[in-house]
Structures are given as C-alpha cells and as structure tokens.
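Novice: Pasting in a structure now, in structure tokens, and then I'll have a few things to ask.
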Amino acid sequence: VSLQWPYLFSLFCASEVALISNYLWNNQWTFSEKKFLKHEWHQGWLRYHFACFPGTLYNLLIGGYLIHEGYSWWAASFWGIGVGICWNYLANKHFTWKSS
C-alpha cells in the first residue's frame, strides 16, 4: 500500500516514530545505568527530543537536498539517517543521559 506522501513529510513522520521507539530502547538498554524512571521518564523524553532536534533537522535537510539533486529516496534517506544517528547518539550521551 502506497500512501503517496511527499518525501519530506514521510521522512518527518518516520523520524518521529523512530525517535519515540529509540527513546524507549535507549532508556531501557543503551543508557540503562542512567535510566529515567517514573516521574523522570517524561522529562527524559522531552530532553531526548530536544537533543535529537538537530539530528532530525540534518536528516530532513540532507534527504531533501539529495532528492532535489536527483538521488533515489533510499540513498538520500541513508545519508540523512547516517548523519542523524551520529548526532543523536553523541548529543544524548552528553545531554540527555549525561553523568551527574
């Protein structure tokens, strides 16, 4: 089934779904020694989204630019996601789950 959504809208929606699931995985496993619990969980989720905003923006800008330049959606997405992943990991390691 194809929804025929524009590339950037589809990428934004996919990025948001990824952010939500990645926060859950990161909080549970990647940064489990600094896990947000109970009332801290929502604060951690907000910090995570804030830290990931530049990575999501890089993803959208790189993907949009490469699509505009004639690259396939999968190549554009690969490069955008790659840059976003690097930013998001480092930003969250040093901001969201930083050592106190």
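The values are calculated or read from the model by the stated rules, or taken from the named source; none is laboratory data. Every value quoted in this text rests on a predicted model; they were computed, and no experiment measured them. Here the Cβ positions follow ideal geometry from the backbone for every residue, glycine too, while neighbour counts run over all protein chains shown. The accessibility values were calculated without ligands, DNA or RNA, using every heavy atom of the protein model including side chains. Shrake-Rupley method; radii C 1.70, N 1.55, O 1.52, S 1.80 Å.
Novice: Skip the ligands, DNA and RNA, and give the accessible area per residue of the chain with a 1.4 Å probe, whole Å².
Specialist: Numbers: 7100 Å² over 100 residues.
Computed with neighbouring chains in place, this is 71 Å² per residue.
Novice: Right, another one. Ignoring ligands, DNA and RNA, how do 89, 7 rank by accessible area with a 1.4 Å probe, largest first? Please report the intermediate quantities before stating the final value.
Specialist: Numbers: 89 105, 7 50 Å².
Order by accessible area, largest first: 89, 7.
Novice: Find, among the trypsin sites (Lys or Arg not before Pro) in region 26-69, those assigned to loop by DSSP (not H, G, I, E, B) with at most 16 other beta-carbon atoms within 10 angstrom. Can you show the working numbers first?
Specialist: Numbers: sites: 34, 35, 38, 47; in loops: 35, 38.
Hits after loop and neighbour filter: 35, 38.
Novice: In the chain, what percent of the accessible surface is made up of carbon and sulfur (1.4 Å probe, ligands and nucleic acids excluded)?
Specialist: On the way: 4980 of 7100 Å².
Here it works out to 70 percent.
Novice: Counting Lys and Arg as +1 and Asp and Glu as -1, what is the net charge of the other residues whose Cβ lies under 14 Å from the Cβ of residue 48? Please list the in-between numbers first.
Specialist: Details: positive: 34, 35, 47, 93, 98; negative: 16, 40.
Neighbourhood net charge equals +3.
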